[in-house]
Amino acid sequence: MSRLEMVRGMIRFARDYTRRFLDNLPPEDWFRQPPGGVTHIAWQVGHLAFAEYRLALLRIRGTRLEDEQLLPTWFLKQFGKDSVPDPDPAKHPAPERIRAVFDRVHERTMVETADIPDADLDQPIVPSHPLVKTKLEVLWYCSQHEMIHAGQIALVRRLLGYAPVW
C-alpha cells in the first residue's frame, strides 16, 4: 500500500465513522446544545466541511475559481476558524444543506487526491499550518481532525439522550 493510499484510507475511514453519528439524526436535533454545551451537530458538520476543504484541497492544490460553488464564502465564515456555534436555526442553512456541502467537499477531496504523485507528498503546504508541514502530513491530519470532531458529535448525541453508535 502506498503512502497516498494509506492516508486516503484514513480520511475515508474517519468520514464513514462520522456519518454513522449523523445518519438517522432528525434535523430538529442538529441545533440543540446540551445544557452547559458549547456546540451543536450543525456547527460540527459545517466545520468539518470547512476543514476538509482547507486541509485536503486548498493546501494540496491551491484555490480554484470553482471553489465558490464547492464551498461558498459565507459557509467558510459561518463554520471556519474562530466561528462560534449559534443554536438559533434561523441563523443557519438547513441541516440538509449543511450535509450536502459536507458530502460534496468530501467527494471532491477523494477525487482530487486520488493521483497525487508520491514525490509531491513531501512538498511543503501553502498556506502553512502550525501542526503539519508537508502534503502527506496535512492529509494525515485531515483524518485526525475529523476523528476529533466525530468524538464531539458522539458526545453531543449522548448528551441529547441518544444511545451510543458502534
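The values are calculated or read from the model by the stated rules, or taken from the named source; none is laboratory data. Remember, predicted model here, so these are calculated numbers, not experimental data. Cβ atoms come from the backbone with ideal geometry, glycine included; neighbour counts cover every protein chain shown.
Residue pairs whose Cβ atoms lie under 8 Å apart, separated by 6 or more positions or on different chains, with the first residue in region 108-126 and free of Cβ contacts under 8 Å to residues at least 60 places away in the same chain and the second part of a loop (DSSP other than H, G, I, E, B) and of a type in the set (K, R), are P124/K133. Restricting region 90-132 to residues that are among the β-branched types (V, I, T) and closer than 25 Å to V156 by Cβ leaves a set whose member that is surrounded by the most Cβ atoms within 10 Å (Cβ to Cβ) is I98.
Taking the criterion of being surrounded by 15 or more Cβ atoms within 10 Å (Cβ to Cβ) and among the charged types (D, E, K, R), the only residue of region 62-77 that qualifies is D67. Considering the conditions (1) under 20 Å from P87 (Cα atoms); (2) in contact with a Ser or Thr (Cβ under 9 Å, 6 or more places away or on another chain); (3) not in a loop (DSSP other than H, G, I, E, B); (4) not hydroxyl-bearing (S, T, Y), A42 is excluded by exactly one of them, (2). For beta carbons closer than 7 Å, sequence separation of 6+ or different chains, a first residue in region 19-30 that is of a type in the set (K, R) and a second that is modelled with pLDDT under 95, the qualifying pairs are R20/V165.
For region 23-30, check the following and say yes or no: at least one residue is under 18 Å from the mean Cα position of the chain (by Cα) and surrounded by fewer than 15 Cβ atoms within 10 Å (Cβ to Cβ). Yes, that holds for at least one residue.
Screening region 54-166 for helices (runs of 4 or more DSSP H) wholly inside it with 1 or more residues that are closer than 24 Å to Q33 by Cα and out of contact with any His (no Cβ under 6 Å at 6 or more places or on another chain) returns the ranges 73-79, 95-112, 135-159. Of all the criteria given as (1) crowded, with 17+ Cβ neighbours inside 10 Å; (2) at pLDDT below 95; (3) farther than 23 Å from R12 by Cα, the one not satisfied by V38 is (1).
Only one of A119, A114 is within 19 Å of the chain's Cα centre (by Cα), at pLDDT 95 or above and of a type in the set (G, A, S). Can you tell me which?
A114
Within the span defined as region 78-89, every residue fails to be in contact (Cβ under 8 Å) with a residue 40 or more places away in the chain, of a type in the set (S, T, Y), surrounded by fewer than 22 Cβ atoms within 10 Å (Cβ to Cβ) and over 24 Å from V126 (Cβ atoms). Within region 93-106, residues that are closer than 22 Å to R64 by Cβ and modelled with pLDDT of 95 or more have Cβ atoms under 8 Å from residues that are assigned to a helix (DSSP H, G or I) and of a type in the set (D, E, K, R) in these pairs: V105/E52; H106/R15; H106/E52, counting only partners at least 6 apart in sequence or on another chain. Please verify whether region 72-89 includes one or more residues that are of a type in the set (D, E) and within 24 Å of R12 (Cβ to Cβ). No, the conditions are met nowhere in region 72-89.
Selection within region 133-166: residues that are buried (at least 19 other Cβ atoms within 10 Å of the Cβ) and of a type in the set (V, I, T). The member of this set that is nearest to R64 (Cα to Cα) is V138.
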